[in-house]
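To start, the structure itself, in structure tokens.
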Amino acid sequence: MTTTSETTAFTYQSLLEAIQPNSGGREIRDPATGQTVGRVAEPDISELDAAIQAARAAQPAWDARGHEQRSDLLNQAADAIEANAEALAQLLSREQGKPLNGPNARFEVAACSAWLRATASFTLEPETLVEEYGARAQLFYRPLGVVGAIGPWNWPMMISVWQLAPALRMGNTVVMKPSEYTPLSVLALAEVINSVLPADVLTIIPGGREVGQRLAEHEDIAKVMFTGSTATGKAIIRSSADTVKRLTLELGGNDAGIVLPDADPAAIAEGLFWGAFINTGQTCAALKRLYVHEDIYDEVCEALTSFAQNMPMGIGVDEHNMLGPLQNKAQFDVVDRLVQAAKDSGARVLLGGEPDVDQPGYFYPTTLVADIDNDNPLVAEEQFGPALPIIRFSSVDEAVAKANALDVGLGASVWSSNPAAAREVAARLEAGTVWINKHGAIDPRVPFGGAKQSGYGLEFGVEGLKHLGAPQIISG
Ligand code: NAD
């Protein structure tokens, strides 16, 4: 059942006013210009505790609505996002820094409604496992209770929806802590979603790591959905141990792409570029290490450079731009340090590599680095920014060994004119998803999750719903 809803219409200003404190709060600045975007309240831990108790009280009635009504409300939330898409995109662009156009702010807002609708559409029936001699064993998925969600700053709205949509669909209520770098985007998204949801079903509590830690420790939080760095994921495992919490951990990655000798450099350059530079490289499953066969190494470097050098980078709200700044100074410093390490090693900079420090904003130019060793820090560490190392290889075994050498394994890709050969290489890669002739393409129907220290648990699709349910067997 889908009913059309009367949605609240916000302007950019009215949305900002609705989510800001009446006085005080912490200032949030545009990473492209340094200009003030708005202020965010800084609740103390007692407000988190109160939100968890309210969410707990609201959960049984939310569960009692059943899947059909909850799905209907998720669709209404998607309607509300679509009705307010431009105000949301403008705020996201200013706070996160990403441009309005390209695979950026407007695209991210559109993904929020698409993921809500997809999550509303899945069916999760009880599974009959055994049926013989008049006896039956069936598997059901019950709600867990209150789900805590903790998110990063790179795709703040979309990742919040990845966490809240399946949690709500399964009859849980949600208390979410956004990244301290991008709280306004998540507060604004929730303001719009909450225009159709009952009270206390979805609550956002902004704050720093102490709020996240308390969520992970809290005895009334049944599960934590976490997306962020591997280091924080390990801290959450420790904080949640005493309450034996369920966890879905979507952690850091350092995705390898392998270009086989039969690939067509001109045909794959655009896909390689966006695989690596989507969201200015600040994407968990972006291509972060590119391995190219020696037979076509120079051609791939040339094709990638000629595509990359024309891509406009600048202030997010300028309609012309496709790449933006790093979201914060700490991330700018990581990228700067890693590119410096590559240059110090004698690697060859094909493009970029020299940030303009007199320019306002955390802009790092699109950077391509060739003739670099596999153990260089720009290859071995997650750069999470617009700097791609390109490593030469001479045999597929060598490329596979290098790709698998790290302790993370979120995504990977294989590029070839022969998809069957590419699939054989893909099967040898230690990663949660391996794409062929593309990188980072996600789909709400297809489960997504990391291998090795990129985390555990799956998001999206029916598998994603199951991860937000408590499995229960009824036997007999
Ligand atoms: P981060 O780990 O620094 O922070 C993420 C969140 O955790 C923030 O809200 C932060 O306040 C909170 N936090 C920090 N310390 C905490 C603690 N001790 N207990 C509980 N919460 C705590 O990550 P980030 O810098 O915001 O995001 C970038 C990282 O996220 C990259 O490594 C990237 O690869 C990863 N990421 C992964 C995915 C995925 O799906 N696997 C998606 C996006 C980003």
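By the scheme Lys and Arg +1, Asp and Glu -1, what is the net charge of all other residues having a beta-carbon under 14 Å from that of residue 100?
-3
Loop-only check: which trypsin sites (Lys or Arg not before Pro) in region 146-255 are DSSP coil with at most 11 other Cβ within 10 angstrom?
Sites meeting the loop and neighbour criteria: none at all.
Once you've got the Cα coordinates, tell me which of 98/234; 245/438; 98/245; 177/288; 438/466 are over 31 Å apart.
Over 31 Å Cα-Cα: 245/438; 98/245.
Roughly what angle does helix 85-96 make with the longest principal axis of the chain, taking Cα atoms, 0 to 90 degrees, to the nearest 10?
60 degrees
HN-Hα J couplings of region 391-396 from phi, Karplus 6.51/-1.76/1.60, θ = phi - 60°, integer Hz, Gly and Pro as x?
So the J values, rounded to whole Hz, are 10, 8, 9, 10, 9, 4.
Loop sites only, by DSSP: take the GluC sites (Glu not before Pro) in the chain that have at most 14 other C-beta atoms within 10 Å and name the longest stretch containing none of them.
That gives 7-218 as the longest site-free run.
Multiply the residue gap between residue 441 and residue 417 by 0.36 nm, knock off their C-alpha separation, and tell me the result in nm, one decimal place.
Additional length available on full extension: 6.8 nm.
Could you work out Rg/(2.2 N^0.38 Å) for region 255-443, with Rg from alpha carbons only?
0.96
In region 361-442, which trypsin sites (Lys or Arg not before Pro) are in a loop and have at most 10 other Cβ atoms within 10 Å, using DSSP for the loop call?
Passing sites in region 361-442 do not exist.
With a point put 7 Å past each Cα toward its Cβ, work out how far residue 241 is from residue 354 in nm, to one decimal.
Result for the modelled spin labels: 5.1 nm.
Set Lys and Arg Cβ to +1 and Asp and Glu Cβ to -1, take the dipole of the chain about its Cα centre, and tell me which of 203, 315, 282 lies farthest positive.
Ranked along the dipole, the leading option is 203.
For the Cα atoms of the chain, what angle does the longest principal axis make with the long axis of helix 230-239, in degrees from 0 to 90, nearest 10?
With both axes taken from Cα atoms, the answer is about 30 degrees.
List, largest first, the extents of the alpha carbons of the chain along their principal axes, each in whole Å.
So the extents along the principal axes, rounded to whole Å, are 67, 62, 43.
Quick one: Cα centre-to-centre distance for region 350-387 and region 75-133, in angstrom?
Each part's Cα centre sits 32 Å from the other's.
Using only alpha-carbon positions, what ratio does the radius of gyration of region 249-360 give when scaled by 2.2 N^0.38 Å?
1.13
Between the alpha-carbon centers of region 200-269 and region 459-476, tell me the distance in whole angstrom.
Between the Cα centre of region 200-269 and that of region 459-476, the gap is 20 Å.
Find how much the distance from residue 340 to residue 319 grows on full extension, using 0.36 nm per residue of separation minus their present alpha carbon separation; answer in nm with one decimal.
Full extension of this stretch gives 4.4 nm more.
Hey, got the dipole for region 255-443? About the Cα centre, +1 on K and R Cβ, -1 on D and E Cβ, debye to the nearest 20?
300 debye
Within a 10 angstrom radius of the beta carbon, how do 182, 243 rank from fewest other beta carbons to most?
Lowest to highest Cβ neighbour count: 243, 182.
Could you tell me the center-to-center distance, by alpha carbons, between region 308-339 and region 423-458 in angstrom?
If we compute the Cα centre of each part, the gap is 26 Å.
Can you tell me the relative contact order of the chain? Whole percent, Cα pairs under 8 Å, sequence separation 6 or more.
18 percent
Among the aspartates and glutamates, which have Cα under 16 Å from the Cα of residue 343 when same-chain residues fewer than 8 positions away are ignored?
Output for residue 343: 333, 354, 371, 373, 375, 381.
Go through region 44-56 residue by residue and turn each phi into a ³J(HN,Hα) via Karplus (6.51, -1.76, 1.60, θ = phi - 60°); whole Hz please, and just put x for glycine and proline.
Values per residue, Gly and Pro as x: 8, 4, 5, 6, 5, 4, 5, 5, 5, 5, 5, 5, 5 Hz.
What size of dipole, in debye to the nearest 20, comes out for region 63-116 about its Cα centre when the only charges are +1 on Lys and Arg C-beta atoms and -1 on Asp and Glu C-beta atoms?
Roughly 220 debye for region 63-116.
Just to check I understand the Karplus step: with θ = phi - 60° and J = 6.51 cos²θ - 1.76 cosθ + 1.60, what whole-Hz values come out for region 253-264, glycine and proline as x?
x, 8, 5, 9, x, 10, 9, 7, x, 8, 6, 9
Out of residues 5 or more away from residue 142 or on other chains, whose amide H comes under 5 Å of its own, with H placed 1.01 Å from N in the peptide plane?
Distant-sequence amide H within range of residue 142: 470, 472.
Between residue 270 and residue 210, what is the spin-label point distance in nm, taking each point 7 Å from the Cα along the Cα→C-beta axis?
Result: 5.1 nm between the two label points.
Along the Cα-to-C-beta direction of residue 49, a point sits 7 Å from the Cα; which residues of region 207-231 have their amide N less than 15 Å from that point?
211, 214-221
Every number in this text was worked out from the coordinates using simple rules, so none of it is lab data. What you see is a predicted model, and the numbers here were worked out from it, not measured in a lab. Counting neighbours? That spans all protein chains shown, and the Cβs are built from the backbone with ideal geometry, glycine included.
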